[in-house]
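The values are calculated or read from the model by the stated rules, or taken from the named source; none is laboratory data. Predicted, not measured: the structure shown is a model, and the values here were computed from it. Ideal geometry is used to build each Cβ from the backbone, glycine not excepted, and the neighbour counts take in all protein chains shown. Just the protein is used for accessible areas: all its heavy atoms, side chains included, with ligands, DNA and RNA removed. Shrake-Rupley method; radii C 1.70, N 1.55, O 1.52, S 1.80 Å.
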Amino acid sequence: MRLSGALYKKIRRYMVGKFIDSAKVRVRAGNGADGLAKFGGVGGRGGDIVLEATAGDTLDAFYKRWKKKGLASARNGDPSQVKRIFGHDGEPKVLSVPVGVAAYARNDLGGGVLLAELNENRERVVVARGGAGGSPENDFKGQKGESLHLQLDLKLIADVGLVGFPNAGKSTLLKAISNARPKVADYPFTTVRPEVGIIEYPDLTKVSMADLPGLLEGAHINRGMGHSFLRHIERTKLLLMVTDVTGFRLSPQHPMRSCIETIVLLIRELELYDPTLLSKPVMLVINKLDQPGSAEIFEEVKAQVAKLEEVFEEVPEEVRPSNVLQFQHVLGMSAKDGPAAVKELKKLIKNVLREQIMLPNEDDYEQGTV
Ligand SMILES: Nc1nc2c(ncn2[C@@H]2O[C@H](COP(=O)(O)OP(=O)(O)OP(=O)(O)O)[C@@H](O)[C@H]2O)c(=O)[nH]1
Ligand SMILES: [Mg+2]
């Protein structure tokens, strides 16, 4: 395997991801108000900054609400006065966020500390505390409220995550197997935002599957859509790698990648993003088997993935994955032929999730324990 050519040739600007699944806003909780030492009066507390998850809300909407202002602040407490010896507390500020959001406090180095994840509708969490009111404990001096740079990242929650080079047929597969209706088209980066579909089984089991934008060699240095959207598969239980049997070529100016090359490069990119991703079970789908000459390629690739260590030996060191991966199943199909073509895959997905004890057992249904 040569894997030569301008690996990281420049990709046109419009191919760089723009969709919003991350938003930033500065937040400032209210200050506590002064107390009145002479009368033992206590000042009001500053209002907290609260995040509340709302089903149906999006980060695009959040971004639009806050991009101009850039700062969300809560009310200060009211000071203690002779007429009102206990000052009123400041109103908290409640910010609506989508379900599935992770909130980070950013630091100056560009890193962040995870404050909370909101995974349920109506779940609330305080991300910045209002300052305490002035009281005997603090010499009747109201305390400053917390303020921080908040970053919100959206993580989808799905059982199965689709990963693959652009144009491999991931969205076509999601369409065939689930109730989702994603956009399908014959050009790379058709999918620009992740989408989740639900796979339903006759026994009423439901499995969710997330379709992601195509992943490219060099995604870790932000080629193509970059690989930041891979965070959406951090929480999946099973990865489904989809490849085009005829390989992939971004444009005539870019090198051709064969099917097995795309598999190696995908493993490498997943590893560079987070090596623990590959400790999840992975299934391989080799798609577009209706293409002429594909049956022989399919057999060859099947043999190669059974001995990945030999394939890796021939790969240039800078793109060689460090761990050999064992696929749970290797399956060939033509996703464009619709639900019948993915019947077998649908069954295997349920079996793998069952084996991982991630779904209830068939017997349990019969015995009525579920
Ligand atoms: N011949 C053939 N074409 C297919 C098959 N599955 C998908 N395609 C075509 O391949 C093209 C890309 O399909 P998509 O489902 O949009 O691919 P994708 O992996 O979602 O692509 P991105 O969203 O760009 O990453 C479309 O023109 C599909 O009709 C198949 O089984 N056989
Ligand atoms: Mg797609």
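Listing for the model above:
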{"quantity": "Qualifying positions in the stretch 131-183 - among the aromatic types (Phe, Trp, Tyr) and out of contact with any Phe, Trp or Tyr (no Cβ under 7 Å at 6 or more places or on another chain)", "calculated": "Phe140"}
{"quantity": "Matching residues in the stretch 187-211 - criterion: being touching a strand residue (DSSP E or B) at 6+ places or on another chain (Cβ under 6 Å) and of a type in the set (A, V, I, L, M, F, W, C)", "calculated": "Val196, Ile198, Ile199, Val207, Met209, Ala210"}
{"quantity": "Contacts under 8 angstrom Cβ, first residue in the stretch 54-82 being under 13 Å from Ser96 (Cβ atoms), partner open to solvent by less than 30 Å² (accessible area, probe 1.4 Å) and not in a strand (DSSP E or B), 6 or more apart", "calculated": "Leu59/Asp21"}
{"quantity": "Test: residue in the stretch 92-110 that is more than 22 Å from Glu234 (Cα to Cα), open to solvent by less than 80 Å² (accessible area, probe 1.4 Å) and among the β-branched types (Val, Ile, Thr)", "calculated": "yes"}
{"quantity": "Qualifying residue in the stretch 138-150 (condition: in a loop (DSSP other than H, G, I, E, B), modelled with pLDDT under 95 and open to solvent by 10 Å² or more (accessible area, probe 1.4 Å))", "calculated": "no"}
{"quantity": "Condition met for Thr276 (of a type outside the set (A, V, I, L, M, F, W, C), in contact with a Gly (Cβ under 9 Å, 6 or more places away or on another chain) and in the same structural domain as Pro188 (by TED's automatic domain parsing))", "calculated": "no"}
{"quantity": "Lone unmet requirement of (1) open to solvent by less than 50 Å² (accessible area, probe 1.4 Å); (2) modelled with pLDDT of 70 or more; (3) more than 18 Å from Asp153 (Cβ to Cβ); (4) of a type outside the set (S, T, N, Q) for Met15", "calculated": "(2)"}
{"quantity": "Residues of the stretch 268-277 satisfying the condition of being touching a residue at least 24 places away in the same chain (Cβ under 8 Å) and either open to solvent by 30 Å² or more (accessible area, probe 1.4 Å) or over 18 Å from the mean Cα position of the chain (by Cα) (or both)", "calculated": "Arg268, Leu272, Tyr273, Asp274, Pro275"}
{"quantity": "Single residue of the stretch 178-212 satisfying the filter (among the hydrophobic types (A, V, I, L, M, F, W, C), open to solvent by 10 Å² or more (accessible area, probe 1.4 Å) and at pLDDT 90 or above) that is nearest to ligand 2 (Cβ to nearest atom)", "calculated": "Val184"}
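One line per residue, one yes/no per condition, for (1) outside any loop (DSSP other than H, G, I, E, B); (2) touching a Ser or Thr at 6+ places or on another chain (Cβ under 8 Å); (3) among the small types (Gly, Ala, Ser):
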{"residue": "Lys38", "(1), (2), (3)": "yes, no, no"}
{"residue": "Val50", "(1), (2), (3)": "yes, no, no"}
{"residue": "Lys68", "(1), (2), (3)": "no, no, no"}
{"residue": "Ala72", "(1), (2), (3)": "yes, no, yes"}
{"residue": "Asp89", "(1), (2), (3)": "no, no, no"}
{"residue": "Val94", "(1), (2), (3)": "yes, no, no"}
{"residue": "Val113", "(1), (2), (3)": "yes, no, no"}
{"residue": "Val126", "(1), (2), (3)": "yes, no, no"}
{"residue": "Gly131", "(1), (2), (3)": "no, no, yes"}
